[in-house]
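Heads up: the structure comes next, in structure tokens.
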Amino acid sequence: MNCKDWEERIALGASGDLGSAETAEVVRHLAECGGCRRFAEGIRESLELLRSAHEEPIDAGHYTAVRAAVLAQLAQPPRHSWRRWLWGAALAAGLAGATLFLATLFVARPPAEQPRGNLAEVRPPVVEPRLTEPVRQPPQRRTVRPAPVRIWKTIGPPPLVEPIVVKLVTDDPDIVIYWIADRKGAEE
Amino acid sequence: MAPPLDGTDELATVLAAARSGDLAAFEILMRRHERLVLVTALRLLGKMEDAQDASQEVFLRLYRNLGKVQASQNMAGWLYRVTVNVCHDVRRRRPEETSVEDAAELVAMGDNPQQAATRKERRRVLEMSLRLLSEKERAALVLRDLEGLSTGEVAGILGTSQATVRSQIFKARIKMKDFVERYFRRRT
């Protein structure tokens, strides 16, 4: 280990930042090495100089000025100023705007798709349900292309008393056609 | 360091009074710790004006946090931590006006070697040598070597490990030593 390697230990040992074993090693090395002794002396002297400068008292007026400024600020009545009121108003307006926006979105949203339950998609060839009576079409707002038509048909053993529900999904997501057919007239 | 008021009945009484809004009690707390706060801030910032601003902010934070500062807690540790943080903020807002090069220039411009040991000059050496350090090295050295805290306490205040603090202190001491030696070599 050359003397450069000892510098950290010597610098730390100057204020007791080393353990006892390391301190003993440093002391041993300093007894043998004049260069490191000078280095250690330099560290010690600079620390003493700086500490003595640091401990010199500061003009009391500086403390007084700080205390006076702090107490003056604390003695002021709390500022229920227009600024705080303005922030509150801005926050309330923002919240109201956000609520209105969300409400608009909710109203304009297309109706949620019916839960499919145990429905399965049946692809064409289209099953023409034989209906016992004509199904009344809901009024169409726009031209609907009839094909391709996806037919949703119940699978599994439905309860005997329940009619078969056939759901026709058009290209227009707003238009869904349901046929409710009596089991007697429907194909299995 | 502040006199050992922490943890005593006296501190509890003063704290309770200050919490209830008694500004006279709070002034007692300020007087008790004003040297700690102002001198630490001065060493960290290098300018009295900045140090006073930082001290005001520290005491205002103390007032706002009186409910959190327990009588049994180490109030000095809390104040050191807040002082370091506030000084960090101040330094970020106001970069140092005098650079390290300017400081070296000031050394060269000195003209009276006989006054090298005067109080004013020692303080100047302290201020200039502190400018040579990085912010973290400066904080570590001020707390460890000038304020006399232990390495563990410094690590707690700076939110770092003891190994890191030791490394910072080592580098800072070497820089300080070199600066002090250079300064007095030039002066003589």
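Quick test for you: out of B:GLU49, B:GLU34, pick the one residue that is within 11 Å of chain A (Cβ to nearest Cβ), surrounded by fewer than 17 Cβ atoms within 10 Å (Cβ to Cβ) and at negative phi. Criteria check complete, one pass: B:GLU49.
Which of the residues spanning region B:52-67 are among the aliphatic types (A, V, I, L, M) and open to solvent by 10 Å² or more (accessible area, probe 1.4 Å)? Even if it seems obvious, please write down each step before you answer.
Keep residues of region B:52-67 that are among the aliphatic types (A, V, I, L, M), which gives B:54, B:58, B:60, B:62, B:66.
Within region B:52-67, just B:LEU60 meets the criteria.
Put simply, of A:SER46, A:SER15, A:SER20 the only residue that is more than 14 Å from chain B (Cβ to nearest Cβ) and closer than 27 Å to B:ALA163 by Cβ is A:SER20. Just so you know, in region B:17-30 the residues that are more than 7 Å from chain A (Cβ to nearest Cβ) and of a type in the set (D, E, K, R) include one that is most open to solvent (accessible area, probe 1.4 Å), and it is B:ARG19.
How many residues are assigned to a helix (DSSP H, G or I), within 12 Å of chain A (Cβ to nearest Cβ) and surrounded by fewer than 23 Cβ atoms within 10 Å (Cβ to Cβ) if we restrict to region B:139-153?
4
Just checking, how many residues over region A:1-49 are of a type in the set (S, T, N, Q) and closer than 19 Å to B:GLY152 by Cβ? Summing the residues that are of a type in the set (S, T, N, Q) and closer than 19 Å to B:GLY152 by Cβ in region A:1-49 gives 3. Checking the stated criteria, B:SER20 turns out not to satisfy the condition of being polar (S, T, N, Q), within 17 Å of A:ALA60 (Cα to Cα) and without any contact (Cβ under 8 Å) to a residue 40 or more places away in the chain. Evaluation of B:VAL165 against the conditions (1) at pLDDT 90 or above; (2) open to solvent by 50 Å² or more (accessible area, probe 1.4 Å) shows that the sole unmet condition is (2).
The values are calculated or read from the model by the stated rules, or taken from the named source; none is laboratory data. All figures in this text were calculated on a predicted structure; none of them were measured in a lab. With ideal geometry, Cβ positions are generated from the backbone for all residues, glycine too; neighbour counts draw on all protein chains shown. Just the protein is used for accessible areas: all its heavy atoms, side chains included, with ligands, DNA and RNA removed. Shrake-Rupley method; radii C 1.70, N 1.55, O 1.52, S 1.80 Å.
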